[in-house]
Amino acid sequence: QPPMILLEREDVIRRMASLKLAMQNNAWRRHHKDQPPTQGSVELDPNEAVTSYLQMKEAFEVGRQEFPWAYRVTYEQLLHRPDTHKQDSRPIEEIVSNYDEFKAALSDRPAWQELFNIAEAGLGRKPV
């Protein structure tokens with residue numbers, strides 16, 4: 001069995017916002033240290049977010065089942081020196097223009113409450 005790492009993501013809300021910022025500004029921050037952080041804000045669609053989240057979780061689960069010996073690492077654990085630069089380091093509430101509505105639309109889903117806690121704590125780390 002070859003050595004393997006499964007790279008996952010804890011802060012899926014920031015991941016969604018980052019992807020939308022990149023698409024909106026056509027700024028894929030890979031290796032552009034001199035480029036200023038992306039400005040502006042994005043709207044997140046709750047239905048689109050749920051679909052994306054479920055697809056991501058399914059992919060993680062498939063990886064775990066097919067490669068049970070693999071070591072699970074999250075992007076947030078590797079943040080000390082990522083290969084890409086952050087789109088924006090502002091609080092998630094400032095990046096997502098419809099954050100309150102987005103959060104309210106998912107308030108009846110208990111699993112999402114933990115995701116909001118992670119996003120609001122910043123850097124994907126749970127509040128202590």
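Here are the numbers for the structure shown:
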item	result
Cα→Cβ-extended label distance, 7 Å offset, between SER97 and ASN47, nm	2.0 nm
Region 37-74: chymotrypsin sites (Phe, Trp or Tyr not before Pro) in DSSP loop, at most 10 other beta carbons within 10 Å	TRP69
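Any read-out appearing in this document is the output of simple, stated calculations on the displayed coordinates, not a laboratory observation. Small disclaimer: the values here were computed from a predicted structure and weren't measured. All Cβ positions, even for glycine, are placed from backbone atoms using ideal geometry, and neighbour counts span all protein chains on display.
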